[in-house]
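These notes concern the structure reproduced below.
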Amino acid sequence: MGRIIAVANQKGGVGKTTTSINLSAALAAEGKKVLVVDTDPQGNTTSGFGLDKNDLKNTIYTLMIGECSADEAINKSFLEDLPGIDIIPANINLSAAEIELIDTEGKEYILKHEIDKVKDRYDYIVIDCPPSLSMLTVNAMTTADSVLVPIQCEYYALEGLSQLVHTVNLVKDRLNPTLKMEGVVFTMYDARTNLSLQVVENVKDHLEEKVFMTIIPRNIRLAEAPSYGLPINLYEPKSSGAYAYKSLAEEVIANS
Ligand SMILES: Nc1ncnc2c1ncn2[C@@H]1O[C@H](COP(=O)(O)OP(=O)(O)OP(=O)(O)O)[C@@H](O)[C@H]1O
Ligand SMILES: [Mg+2]
């Protein structure tokens, strides 16, 4: 049965999407069957995997408003060289969902009900969250078994983290009692600066959550890969970014 991991941090630009794409691809390269779910109206995971955001009939939006089935929303084996990955894509239409579903009873469980129908087909389901603690993020956390939090190695790394942990705890208390913290992963680590090292040490000192051993380095190849519509292990398999996400996938598998 699929293990569902929500990649969340309400802070923008910390590496949620880069982690969702490349962790999923690394898990698939390990022979796992993976479903990626894009719940961000920006659709960066969708385009980062080479799908045209503006040319999609079914998305997470049409799924959540009941216009298509989970099966219809899934683009299957869309990467020729990594057929173990399926995706439920997103585009800007999703930004209307929050308002449209405001009066729907049980709106925190809409995604969970849909993912429950397909989760047995997968080893892992990775949900990329938007940079907010919105209804979409709550839906992702209600669906998930665990939350993986990317933290950028920069001065304000800890800002907002207590709010995120508070939200995870609220969801756990009220909506999803078995929700766990998968762990914190440091991203964009720059070995040339003392700051990155200080941030890692400081966060480790102040955080009770599990911290992954793997640290994702700042690697230009990781930033380039989405413009080719490829995960790092297909775009540049011998890059430091590809090695790091492989190592993260191995840790996630070991945690199972
Ligand atoms: N390890 C890395 N090395 C170099 N660039 C990176 C790395 N991780 C992410 N980036 C770049 O940093 C930017 C932000 O990353 P990403 O989109 O993954 O963050 P995000 O948390 O999903 O952002 P948002 O909150 O907008 O959804 C992107 O341009 C991405 O290519
Ligand atoms: Mg993103």
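Throughout, read-outs are computed from the coordinates displayed, never taken from laboratory work. Since this is a predicted model, take the numbers as computed values, not measurements. Here the Cβ is made from the backbone with ideal geometry for all residues, glycine too, and neighbour counts use every protein chain on show.
General observations
- Of all DSSP-defined beta bridges confined to the chain, some 5% are antiparallel rather than parallel.
- Computed [θ] at 222 nm, helices only, for the chain once each DSSP H run of length n ≥ 4 contributes -39500 (n - 2.57): -10500 deg cm²/dmol
- Net +/- balance of residues flanking ILE74 in space, Cβ distance below 13 Å, scoring K and R +1, D and E -1: +1
- In summary, the helical segments of the chain meeting the span-like criteria, namely a full DSSP H run, a Cα extent along the axis of 15 angstrom or more and a mean Kyte-Doolittle hydropathy of at least -1.0, are 16-29, 161-174, 194-206, 240-255.
- Put in order of Cβ neighbour count within 10 Å, fewest first, the listed residues SER77, SER240 become SER77, SER240.
- The Cβ shell under 10 Å around ILE253 holds other residues with a net charge of -2, Lys and Arg each +1, Asp and Glu each -1.
- Cβ charges +1 (Lys, Arg) and -1 (Asp, Glu), total dipole of the range 53-134, debye: 40
- Prolate/oblate/rounded label for the range 3-255 (Cα gyration tensor, a/c 1.5): oblate
- Which of LEU27, CYS68, VAL37, positive extreme of dipole for the chain (C-beta unit charges): LEU27
- Ranked by the mean number of other Cβ atoms within 10 Å per residue, highest first, peptides 27-38, 171-182 order as 27-38, 171-182.
- Here the range 3-255 is treated with +1 on each Lys and Arg Cβ and -1 on each Asp and Glu Cβ, and its dipole about the Cα centre works out to around 460 debye.
- Taking the chain and dividing mean pair separation by its residue count, relative contact order in percent (alpha carbons under 8 Å, at least six apart): 27
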